[in-house]
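The values are calculated or read from the model by the stated rules, or taken from the named source; none is laboratory data. These numbers come from a predicted model, not from an experiment. Cβ atoms come from the backbone with ideal geometry, glycine included; neighbour counts cover every protein chain shown.
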Amino acid sequence: MTFSIIGKCAQTGAFGAAITTSDLAVGGRCVRLAHGKGAVLSQHRTDSRLGDLGLALLREGLDANEVLARICASSETIEWRQVGVLDASGRAAAYHGRRMYSIYAHSARPNCLALGNILDNDRVTTNMAEAFEAHPDAPLAARLMTALEAGRDTGGEVMGELKSAALRVSGEHGIDACDLRVDISEQDAVSDLRALFSAYTDREDRLRQVALTPDQVPVSRVLFDASVKRIAELGLEKRFPAGRNAEKWTLK
């Protein structure tokens, strides 16, 4: 009851994923990424340990087929699982366990793999991969988001509302470019994820700057003044002397 896509940005070496399901909290369970190394999807009666193993093998430099073979050999319950791997060269491999009873599919292209189970029809992953390929110069996160919407609009799951969705893209310095999750939605998790992504786009550069060069990010004057006022109201100036030392911060 999950459809997803993993992809690589040929320009930056980033890997990313977009995923949705009618169950809860899909992002934390099913997606594993390593910047410059690859990506793994583990879904359909998910065992997140398979993704962890796949990521470790990708970091060792194994290709997609080798990683998939090792994952499958590691589990006595692999026939319940659906696994996808994208390696550092953008090559894909997928496995569909024999205990899957629904419409399932995968569609591989250079630098992407779309994967799904309990689907409404067998075109879902094809349209996802085609949507990913349609705008090769767009940022990776935007391409993945568009591909996820294409899967939904093609029919998505066979029944049930989409309750959770996630969009994640790796980044340099061990800091993801984005890691956005809708863990429970009252309507359509993919639409909620699109709204979250749209709001996040204007914040991405600033949040990365906060992590890497915090001294270059001004402090909000409004928040600073409100904090100083509250400190004074509570008589905590000796403990929190920000008001007396305002020159230590750059306010904007």
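Within the stretch 27-35, is even one residue closer than 25 Å to Asp153 by Cβ and touching a Leu at 6+ places or on another chain (Cβ under 7 Å)?
Yes, some residue in the stretch 27-35 is closer than 25 Å to Asp153 by Cβ and touching a Leu at 6+ places or on another chain (Cβ under 7 Å).
Count, please, the residues in the stretch 145-198 that happen to be modelled with pLDDT of 95 or more, in a helix (DSSP H, G or I) and more than 23 Å from Asn121 (Cβ to Cβ).
5
When you scan the stretch 88-105, do you find a residue that is in contact with a Ser or Thr (Cβ under 6 Å, 6 or more places away or on another chain) and free of Cβ contacts under 8 Å to residues at least 24 places away in the same chain, even just one? Write out each step before concluding.
Applying the first criterion (in contact with a Ser or Thr (Cβ under 6 Å, 6 or more places away or on another chain)) to the stretch 88-105 yields 105.
Of the ones still in play, those that are also free of Cβ contacts under 8 Å to residues at least 24 places away in the same chain are 105.
Scanning the stretch 88-105, I find at least one residue that is in contact with a Ser or Thr (Cβ under 6 Å, 6 or more places away or on another chain) and free of Cβ contacts under 8 Å to residues at least 24 places away in the same chain, so the answer is yes.
Surrounded by 13 or more Cβ atoms within 10 Å (Cβ to Cβ) and farther than 30 Å from His173 by Cβ: which single residue out of Glu233, Glu237 fits that description? It would help to see each step written out before you state the result.
Details: Glu233 fails: surrounded by 13 or more Cβ atoms within 10 Å (Cβ to Cβ).
Glu237 is the lone residue from the list that is surrounded by 13 or more Cβ atoms within 10 Å (Cβ to Cβ) and farther than 30 Å from His173 by Cβ.
Filter the stretch 44-87 down to the residues that are under 16 Å from Ser4 (Cα atoms), in contact with a Gly (Cβ under 6 Å, 6 or more places away or on another chain) and without any contact (Cβ under 8 Å) to a residue 40 or more places away in the chain and list them by number.
Result: Arg81, single match.
So which residues in the stretch 36-57 are among the hydroxyl-bearing types (Ser, Thr, Tyr) and either touching a Leu at 6+ places or on another chain (Cβ under 6 Å) or outside the structural domain of Ser185 (by TED's automatic domain parsing) (or both)?
If we filter the stretch 36-57 for residues that are among the hydroxyl-bearing types (Ser, Thr, Tyr), which is where we start, we get 42, 46, 48.
Answer for the stretch 36-57, where residues must be among the hydroxyl-bearing types (Ser, Thr, Tyr) and either touching a Leu at 6+ places or on another chain (Cβ under 6 Å) or outside the structural domain of Ser185 (by TED's automatic domain parsing) (or both): just Ser42.
Considering only residues of the stretch 1-29 that are among the β-branched types (Val, Ile, Thr) and not in a loop (DSSP other than H, G, I, E, B), which is surrounded by the most Cβ atoms within 10 Å (Cβ to Cβ)?
To start, the set of residues in the stretch 1-29 that are among the β-branched types (Val, Ile, Thr) comprises 2, 5-6, 12, 19-21, 26.
From what is left, the residues that are not in a loop (DSSP other than H, G, I, E, B) are 2, 5-6, 19-21, 26.
Numbers: Thr2: 26, Ile5: 32, Ile6: 28, Ile19: 30, Thr20: 30, Thr21: 29, Val26: 26.
In this case the residue turns out to be Ile5.
Checking the structure you have, find out if any residue of the stretch 58-66 is part of a strand (DSSP E or B) and assigned by TED's automatic domain parsing to the domain that holds Asp188.
Start the filter on the stretch 58-66 by keeping residues that are part of a strand (DSSP E or B), which leaves none.
No, the stretch 58-66 contains no residue that is part of a strand (DSSP E or B) and assigned by TED's automatic domain parsing to the domain that holds Asp188.
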